[in-house]
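Notes follow the structure.
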Amino acid sequence: MPDDCISFKKTGYFSSLICDYLDEKPELKPFYNRFPKLENFKAQIIEKQESFKEQSRVVLVESLEKQYQNIESSKATLENLKSLKAENTFTITTGHQLNLFTGPLYFLYKIVSTINLSKELKQAYPEYNFVPIYWMATEDHDFEEINFFNFKGKKVHWNKTASGAVGELSTEGLEAVFKLFSLELGSTKNAEYIKSLFEEAYLKHSNLADATRFLANQLFKDYGLVIIDANCAELKKLFIPFMEAEILNQTAYKNVSDTNEQINNLPNQPYGIQVNPREINLFYIDKDLRERLIFEDEVYKVNNTSLAWTKTDLLEHLNSHPERFSPNVIMRPLYQEVILPNLCYIGGGGELAYWFELKQLFNSVNVPFPILLLRNSVLIRTESQLKKLQNLNISNEDMFLKRNSFINKKVREISNIDIDFSEQINALKAQFTALYELAEQTDKSFLGAVKAQEVKQIKGLEALEKRLLKAQKRKLSDQVARMIELQNELFPNGSLQERNTNFSEFYLEYGPQLIPSLIQNLNPLQQEFTLLTI
């Protein structure tokens, strides 16, 4: 430590949209506000300071203080909560689902990125305060996406029938999950800490929101992280004017549809659309219920229920019970930026892809569009794995190759015979160029026959190359096996480690130094994939 980096593009795991954004391609400029560079934050601060209302700060702080009443807060978190009252305090936000026991590793990387950017901004702009925020996605209803995590190649699964907003789900039934997970952990000091963390979070809190808040707080409270559950009436009241506009004028539908058309019409940029808007981008939530709000037959209805209102009744209901209205994936970012004095949103590639669809919507309702920052990505390696990589002469770029490309490349490199027929194929093509000229000059009807012969002979050489490569793989089977084993360790299920493995697997190995190592080594504005050896 500190370690190597590789560009996101070279990993092969990130979309062309994200790679082009990081390269600041001019075609994408209309879809974001300011690029995430340190010097660009001053203008973002001024823009947000001018638009964020004092009353919104008061409501935000009062709501957070209520949410933290029964939480063992650190001095750093309490100071950040207090500082949010001041007009020179701003937030840096990331959001994430309430995955069981945090889900994949990148949950940690999102929050570390948020903490580290807040620290870096404080150094650059000491006259302001910056608070790292974790936005809990308590209103999501996709339980199947969050009810498991992976540990040492096994899925730890919470079997439960669920409906409604996941934050309100009872933690009943997690005792059985805890018992099975405990058996897998063993009885080392680090294992006992992981057990106590799981037990305190899920067996001593009655719902998933409280459990997740406790867990995130335990992991990050020393760094001043503030955790927000925006599923509350006081905060929703601030959003009423925007929900009214959405219901009456289809604000999001019109603006996002227009933006998506612009994205689709970009020349030679096959980005695709991450999410399409609904005509009304709100859900209705109640106990065990989260269903879309729809307009049908001149009546507003809750999908798959008998609930229905006239326009007047619906607006009256919205104003008296705003907590029963829930923004969907299109409206949630706007809700976030309305209730927080936020400068920057930190997310993964998929998240940033749908944020790019929203700038015109933000402009239409006069809410500043935040700076968008791709979260840190990390591959954690042990000292032993690093040594093996060096001994096998595997470079950073090699490691990220897909299995077949990786093995073929390495076999060619370590083989004592040159199994690369590209030179012979090029020579063959050159010979056929002369034959094409000859056929052209004599009888053009032979051009097809020349072409067929060229294809046949090139295919023959390619097939021979593959057979020789296969034979060489058998001959070098021991080295190939070691390479495959190492790549499997670092890329479980042929995917990025951070998208698969749970943090507990690494905490078991490294204990309390895991998170401080991430805090020390991750630079959120560096915008490269970090290879970290602990």
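The values are calculated or read from the model by the stated rules, or taken from the named source; none is laboratory data. This structure is a prediction, so every number in the text was calculated from the model and none was measured. Using ideal geometry, Cβ is built from the backbone for each residue, glycine included, and neighbour counts are taken over all protein chains shown. Ligands, DNA and RNA are excluded from the accessible area calculation, which covers all protein heavy atoms including side chains. Shrake-Rupley method; radii C 1.70, N 1.55, O 1.52, S 1.80 Å.
Residue-by-condition table, conditions (1) part of a helix (DSSP H, G or I); (2) out of contact with any helix residue (DSSP H, G or I) (no Cβ under 6 Å at 6 or more places or on another chain):
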residue: Tyr13; (1), (2): no, yes
residue: Ile18; (1), (2): yes, no
residue: Phe35; (1), (2): no, yes
residue: Glu50; (1), (2): yes, yes
residue: Val61; (1), (2): yes, yes
residue: Gln69; (1), (2): no, yes
residue: Ser73; (1), (2): no, yes
residue: Gly95; (1), (2): no, yes
residue: Tyr109; (1), (2): yes, yes
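From the list Ser118, Ser56, pick out the single residue that is under 21 Å from Glu528 (Cα atoms), among the small types (Gly, Ala, Ser) and assigned to a helix (DSSP H, G or I). When all the criteria are applied, what remains is Ser118. Put simply, of Glu316, Glu298, Glu279 the only residue that is of a type in the set (D, E, K, R) and touching a strand residue (DSSP E or B) at 6+ places or on another chain (Cβ under 7 Å) is Glu279. Just one of the numbered conditions (1) touching a helix residue (DSSP H, G or I) at 6+ places or on another chain (Cβ under 9 Å); (2) open to solvent by 10 Å² or more (accessible area, probe 1.4 Å); (3) assigned to a loop (DSSP other than H, G, I, E, B) is not true of Glu172: (1).
When Gln274, Gln269, Gln262 are checked against the criterion of being open to solvent by 70 Å² or more (accessible area, probe 1.4 Å), under 30 Å from Phe31 (Cβ atoms) and not in a helix (DSSP H, G or I), a single residue qualifies: Gln274. So, in region 423-458, of the ones that are out of contact with any helix residue (DSSP H, G or I) (no Cβ under 9 Å at 6 or more places or on another chain) and among the hydroxyl-bearing types (Ser, Thr, Tyr), which residue ends up most open to solvent (accessible area, probe 1.4 Å)? Looking at the filtered set, the residue picked out is Thr442. Every condition in (1) of a type in the set (A, V, I, L, M, F, W, C); (2) in a helix (DSSP H, G or I); (3) open to solvent by less than 10 Å² (accessible area, probe 1.4 Å); (4) over 17 Å from Lys409 (Cβ atoms) is met by Leu532 except one, and the failing one is (2).
Checking Asn150, Asn80, Asn88, Asn99 one by one, the residue that is of a type outside the set (A, V, I, L, M, F, W, C), closer than 24 Å to Ile346 by Cβ and in contact with a Ser or Thr (Cβ under 7 Å, 6 or more places away or on another chain) is Asn150 and no other. Give me the residue from region 105-142 that is open to solvent by less than 10 Å² (accessible area, probe 1.4 Å) and of a type in the set (Ser, Thr, Tyr) and, out of that set, nearest to Gly167 (Cα to Cα). Ranking the qualifying residues of region 105-142, first place goes to Thr138. State all residues of region 34-50 that are touching a residue at least 12 places away in the same chain (Cβ under 8 Å) and open to solvent by less than 50 Å² (accessible area, probe 1.4 Å); if no residue qualifies, say none. Matches in region 34-50: Phe35, Pro36, Asn40, Phe41, Gln44, Ile45, Lys48. Quick one: what pairs do we get from region 210-233, first residue among the aliphatic types (A, V, I, L, M), second open to solvent by 20 Å² or more (accessible area, probe 1.4 Å) and not in a loop (DSSP other than H, G, I, E, B), C-beta under 7 Å, 6+ apart or different chains? Pairs found: Val226/Asn80; Ala233/Glu323.
Selection of first residues in region 96-122 that are at positive phi and of second residues that are of a type in the set (Gly, Ala, Ser), restricted to Cβ pairs under 9 Å at least 6 apart or on distinct chains, gives the following pairs, ordered by first then second residue: Phe101/Ala201; Phe101/Ser504; Thr102/Ala216; Thr102/Ser504. Only one of the numbered conditions (1) under 30 Å from His317 (Cα atoms); (2) open to solvent by less than 30 Å² (accessible area, probe 1.4 Å) is not met by Leu185, and that is (1). Scanning region 20-33 for residues that are in a helix (DSSP H, G or I) and either open to solvent by 50 Å² or more (accessible area, probe 1.4 Å) or without any contact (Cβ under 8 Å) to a residue 24 or more places away in the chain (or both) yields Pro26, Glu27, Lys29, Pro30.
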